[in-house]
Amino acid sequence: MLDSYVEIDLDKIGANARAITQKYSDYKYFIAVLKGDGYGHGMEVANEMYKNGINYFAVSSLEEAQSFRKVNKDAPLLCLHPVHLSRIEEAKRLNLTIAVNELDYLKRLLNLNIDCNFKVHLQIDTGFNRLGFKDKDEVKTAVDMINGSNFVLEGIYQHFATAGIFDPHWDEQVRNFKELTSLIDLKKIPIVHMGSSVSMLTHPKQPFTTGVRMGIAIYGYNVAPDSLSNSPKDRLRKMRNNYFIKKYNISETYFDVKIDLQPAMKMKTRILQLKKVNKGEWFGYNASYTADEDIILAILPVGYNNGIGHANHNRQVVINGKKYPVVGEMCMNMTAVKVDSSVKIDDEVTLLGDGITVGMFGRSSGMGNAEALVNIGKNNPRFYVKDGKAVKEK
Ligand SMILES: *Cc1c(COP(=O)(O)O)cnc(C)c1O
């Protein structure tokens with residue numbers, strides 16, 4: 001029995017891939033983003049996606065590409081960050097698709113006269129100001145240079161900075177993409193792709209795209225917003241939203257998106273000791289918690305060493321289907337939970353899953369959803385479940 005671990009349900013990853021590729025079947029290319037070691041799920045998830053309709057993958061570094069190739073030798077794999085030219089031979093061995101983010105990089109890449117028909121995707125910067133081309137003449141020059149070389153211009157893409165739900169930036173980025181690609185023939189490029197999960201879920205497909213990139217959705221999170229209720233607060237929000245829609249001429253967005261996505265990751269731990277604490281006694285570093293009645297604490301072997309962070313705002317855990325509050329500060333590798341007499345030392349404790357959503361988990365730590373997944377996925381032993389059974393014993 002391990003002290004703490006994350007459990008990853010590969011069947012759910014497969015089901016999520018099917019749900020996405022079926023619902024969004026207007027796209028031809030489905031690019032699953034596996035950066036951050038597959039959002040903390042490990043590269044083992046890639047083949048479940050591949051078997052269930054995902055036909056392209058993206059990582060952000062050569063290291064991630066190496067671990068991907070250990071589990072999958074042939075699926076198309078795009079490296080989202082420009083590969084350092086000193087490592088281009090490695091990229092060739094890994095059969096990587098190269099992202100080209102600026103003209104100077106492309107010139108130096110072509111000057112290497114490398115003996116490889118690299119597939120390349122052009123990155124267009126439509127306002128994010130991260131990576132990519134910002135000038136339409138340069139985009140045209142790049143396309144001409146690639147077409148005149150032994151490389152294959154397979155794709156072109158941009159990345160959204162916002163969800164486009166009542167902000168003007170999303171539509172602005174779509175307009176910029178059209179403008180920046182206005183001197184080239186997009187139809188000649190097989191994969192025109194945009195991201196991300198929230199864009200895919202909450203906006204109609206842009207007619208010129210053939211592909212979509214998604215991360216968080218395929219790991220099981222429907223990040224589309226719920227529609228607003230009729231409460232006074234929500235009615236005010238609706239008024240504000242309608243004002244923005246008119247003011248910025250915001251295009252159609254979807255709420256309450258119906259798609260069966262199921263979180264694949266859970267985090268579990270065990271109880272080290274059940275400790276009786278009398279009223280007035282305290283617990284933990286800095287005596288951060290004082291018992292206001294006679295209580296029982298369950299001491300757990302998890303802390304910021306397990307990727308949880310040290311913030312601990314209203315965190316709850318689940319034991320035997322019931323939620324209990326974490327008390328006191330988070331240590332490096334111990335946490336206290338205020339339990340009741342029904343809890344036994346060998347009971348399983350769930351920190352994420354079984355009713356603790358990633359949103360709740362992340363908020364307790366001051367982390368976003370993807371950040372929480374990456375942190376706990378990387379900092380705990382991972383166990384995989386397949387066909388409802390553990391792949392390996394804990
Ligand atoms: C992370 C990332 C994605 C996926 O984003 P999600 O919000 O997790 O769907 C897509 N494209 C690029 C370039 C990214 O960096």
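Some observations on this one:
- A Cβ-based charge dipole, computed about the Cα centre of the range 10-248 with Lys and Arg at +1 and Asp and Glu at -1, lands at about 760 debye.
- Comparing the range 330-394 with the 2.2 N^0.38 Å rule of thumb, its C-alpha radius of gyration ratio is 1.31 (two decimals).
- When the range 237-394 is described by a simple charge dipole with +1 on each Lys and Arg Cβ and -1 on each Asp and Glu Cβ, the residue from N249, L351, A287 located farthest towards its positive end is N249.
- Here the accessible area of the chain is 49 percent carbon and sulfur, with a 1.4 angstrom probe and all protein chains present.
- Solvent exposure of the chain as accessible area per residue, Å², 1.4 Å probe: 47 Å²
- Full-stretch length increase - Y243, L2 - with 0.36 nm per residue and alpha-carbon distance subtracted: 81.4 nm
- Phi to ³J(HN,Hα) by Karplus 6.51 cos²θ - 1.76 cosθ + 1.60 over the range 275-285, Hz, x for Gly, Pro: 10, 7, 10, 7, 3, x, 6, 10, 9, x, 3
- In percent, rounded to a whole number, the relative contact order of the chain is 19, using alpha-carbon pairs under 8 Å and six or more apart.
- Label-to-label distance, nm, for residues given as K28 and S86 (7 Å Cα→Cβ offset): 3.9 nm
- Inter-probe distance in nm under a simple model that places probes 7 Å from Cα toward Cβ, at N305 and K344: 2.8 nm
- Helix-derived mean residue ellipticity, 222 nm - over the chain, DSSP H n ≥ 4, -39500 (n - 2.57), to 500: -8500 deg cm²/dmol
- Fraction of antiparallel bridges per DSSP, the range 10-248 only, in percent to nearest 5: 0 percent
- Kirkwood estimate for the range 265-393, i.e. one over the average of 1/r between Cα atoms, Å: 15.1 Å
- Taking amide H as placed 1.01 Å from N in the peptide plane, T97 has its amide H under 5 Å from the amide H of L77, L78, C79, each at least 5 places away in sequence or on another chain.
- Note on the range 67-131: Cα-Cα pairs beyond 19 Å make up 32% of the total pair count.
- Under-5 Å amide H pairs with E348, H placed in peptide plane, nonlocal only: N320
- The label-point distance for E179 and Y254, in a model that sets each label 7 Å from Cα toward Cβ, rounds to 2.9 nm.
- Candidates per trypsin sites (Lys or Arg not before Pro) in the range 9-79, loop by DSSP, up to 15 other Cβ within 10 Å: K28, K73
- Taking amide H positions as modeled 1.01 Å from N, with prolines and chain starts lacking one, the residues under 5 Å from V385 and 5 or more places away or on another chain are I8, D9, L10, V391.
- Looking at the range 267-321, the trypsin sites (Lys or Arg not before Pro) that sit in a DSSP loop and have at most 12 other Cβ atoms within 10 Å of their own Cβ are K279.
- The three principal axes of the Cα atoms in the chain give end-to-end lengths of 78, 53, 40 Å, sorted in falling order.
- Along principal axes, Cα extents of the range 121-228, largest first, whole Å: 51, 27, 24
- V374 accessible area, 1.4 Å probe, all protein chains in place, Å² to nearest 10: 40 Å²
- Segment C331..N129, full-extension length gain: 68.9 nm, with 0.36 nm per residue of separation and the alpha-carbon distance subtracted.
- The Cα atoms of the range 220-336 give a gyration tensor whose axes a ≥ b ≥ c have a/c of 1.5 or more with a/b greater than b/c, which makes the shape prolate.
- Across the options V391, I299, G220, the greatest Cα extent toward the positive end of the charge dipole of the chain (unit charges at beta carbon of Lys, Arg, Asp, Glu) belongs to G220.
- For the range 265-393, size of Cβ-based charge dipole, Lys and Arg +1, Asp and Glu -1, in debye: 400 debye
- Charged neighbours of E48, selected by a Cβ distance under 13 Å, balance to 0 (K, R count +1; D, E count -1).
- Phi angles across the range 303-317 convert, under the Karplus curve 6.51 cos²θ - 1.76 cosθ + 1.60 with θ = phi - 60°, into 3J(HN,Hα) values of x, 5, 4, 9, x, 8, x, 9, 5, 8, 8, 6, 6, 10, 10 Hz, Gly and Pro given as x.
- The figure for M367 is an accessible area of roughly 30 square angstrom, using a 1.4 Å probe on the protein chains alone.
- Sorted peptide list for 196-205, 144-153, criterion being average Cβ within 10 angstrom, highest first: 196-205, 144-153
- On full extension, the segment bounded by N113 and K323 gains 69.5 nm, given 0.36 nm per residue less the C-alpha separation.
- ³J(HN,Hα) computed for each position of the range 144-156 - Karplus, 6.51 cos²θ - 1.76 cosθ + 1.60, integer Hz, glycine/proline x: 4, 5, 5, 5, x, 10, 7, 7, 10, 7, 9, x, 8
- Working from Cα pairs under 8 Å separated by at least six residues, relative contact order for the range 1-70 is 37 percent.
The values are calculated or read from the model by the stated rules, or taken from the named source; none is laboratory data. Worth saying up front: this structure is predicted, and the values here are computed from it rather than measured. With ideal geometry, Cβ positions are generated from the backbone for all residues, glycine too; neighbour counts draw on all protein chains shown. These accessible areas exclude ligands, DNA and RNA; they are computed on the full protein's heavy atoms, side chains included. Shrake-Rupley method; radii C 1.70, N 1.55, O 1.52, S 1.80 Å.
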